[in-house]
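Take a look at the structure set out below.
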Amino acid sequence: MLAIEQHEGVVVLKGRWDAAQSDHARDVFDSVHGTAVVDCRELDYISSSGLGVLLRTQKRLGTAGHALKLQHMNGHIREIFRLCGFDQIFEIE
Amino acid sequence: MEERTLARNLTELEALFDFIQSFAPRHRVPDRVIASMSLAAEELFTNILSHNPSGRRPIVVGVLVEGGQFKIVITDPDAPDFDPTAYRPPDMQGTLQDRIVGGLGLHLVQQIVDDLVYEYRDRQSRITLIKNME
């Protein structure tokens with residue numbers, strides 16, 4: 001299960017973001033309209049469905065000069081991002 | 001091989017993960033292999049649901065350890081012929097503007113597993129994910 005908290009320019013992801021979670025996640029990220037930090041400290045897992053939501057959001061924000069900034073990803077998720085070339089299009093801290 | 005039948009619904013992902021994660025420790029599958037193969041299995045399962053929406057029969061997932069390899073076998077009993085080993089993903093190195101949303105799942109499968117075997121006969125699609133445990 002994926003839990004999402006949102007406050008003051010920060011989106012906190014907790015748990016497992018699999019394809020069954022993406023409708024809810026998409027609604028949350030569609031509500032992001034400026035640069036936002038995505039805290040992945042407690043994100044255990046992400047699949048291509050979640051990556052697609054993040055990419056779609058990043059493309060939308062990018063047209064307005066904004067971006068998502070991803071923080072505290074674990075090593076497994078970092079590797080997934082690298083395999084998809086997302087380390088080139090997201091700021092990852 | 002242990003098998004589990006899954007309904008053609010994303011809500012079954014929970015059962016898929018539980019199945020893999022209950023089997024794997026009993027057979028000393030390393031955590032990193034469990035994590036990678038769980039992702040690959042999800043990607044194939046969701047791909048089947050997306051690309052065979054008219055399928056009515058449940059999907060069968062089998063897991064086994066054989067010859068130092070962890071294997072997951074996903075069978076769709078009534079499927080079109082689609083070979084995931086022949087899939088060519090979009091460019092993963094393009095700029096943000098160039099990137100298309102989609103095509104990541106099978107790319108990840110191909111990158112994650114050590115071998116991917118596709119068999120198709122009498123409308124049954126059988127895909128085996130293989131990852132070395134060493």
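Read the figures in this text as sums done on the coordinates, not as results from a lab. Source: prediction; values computed, not measured. Every residue, glycine among them, receives a Cβ derived from its backbone with ideal geometry; neighbour counts consider all protein chains shown.
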Discussion item. I need every pair where a residue in the range B:23-35 that is away from every other protein chain (no Cβ under 14 Å) has its Cβ under 8 Å from the Cβ of a residue that is part of a loop (DSSP other than H, G, I, E, B), sequence separation at least 6 or different chains.
Written reply: B:Phe23/B:Val29; B:Arg28/B:Met133; B:Val29/B:Met133
Practice prompt. Answer with yes or no whether B:Phe70 is more than 13 Å from B:Ser125 (Cα to Cα) and touching a helix residue (DSSP H, G or I) at 6+ places or on another chain (Cβ under 9 Å).
Written response: yes
Worksheet item: Is there a residue being among the small types (Gly, Ala, Ser) and within 25 Å of B:Gln111 (Cα to Cα) anywhere in the range A:64-86?
Response: yes
Worksheet entry | Complete set of residues in the range A:54-73 that are facing another protein chain (nearest Cβ under 10 Å) and either surrounded by fewer than 17 Cβ atoms within 10 Å (Cβ to Cβ) or among the acidic types (Asp, Glu) (or both) | A:Arg56, A:Lys59, A:Gly62, A:Thr63
Discussion item. Of everything in the range A:57-93, what is out of contact with any helix residue (DSSP H, G or I) (no Cβ under 6 Å at 6 or more places or on another chain) and in a loop (DSSP other than H, G, I, E, B)? Give them in sequence order.
Written reply: A:Thr63, A:Ala64, A:Gly65, A:His66, A:His72, A:Met73, A:Asn74, A:Gly85, A:Ile89, A:Phe90, A:Glu93
Worksheet, complete the sentence: Of the conditions (1) among the aromatic types (Phe, Trp, Tyr); (2) crowded, with 18+ Cβ neighbours inside 10 Å; (3) without any contact (Cβ under 8 Å) to a residue 24 or more places away in the chain, the single one that B:Phe45 does not satisfy is (3)
Worksheet item: Looking at (1) within 12 Å of chain B (Cβ to nearest Cβ); (2) β-branched (Val, Ile, Thr); (3) in contact (Cβ under 8 Å) with a residue 12 or more places away in the chain, can you tell me which one A:Val10 breaks?
Response: (1)
Practice prompt. Can you work out which of the residues in the range B:2-22 that are among the β-branched types (Val, Ile, Thr) and in contact (Cβ under 8 Å) with a residue 24 or more places away in the chain is nearest to B:Pro77 (Cα to Cα)?
Written response: B:Thr5
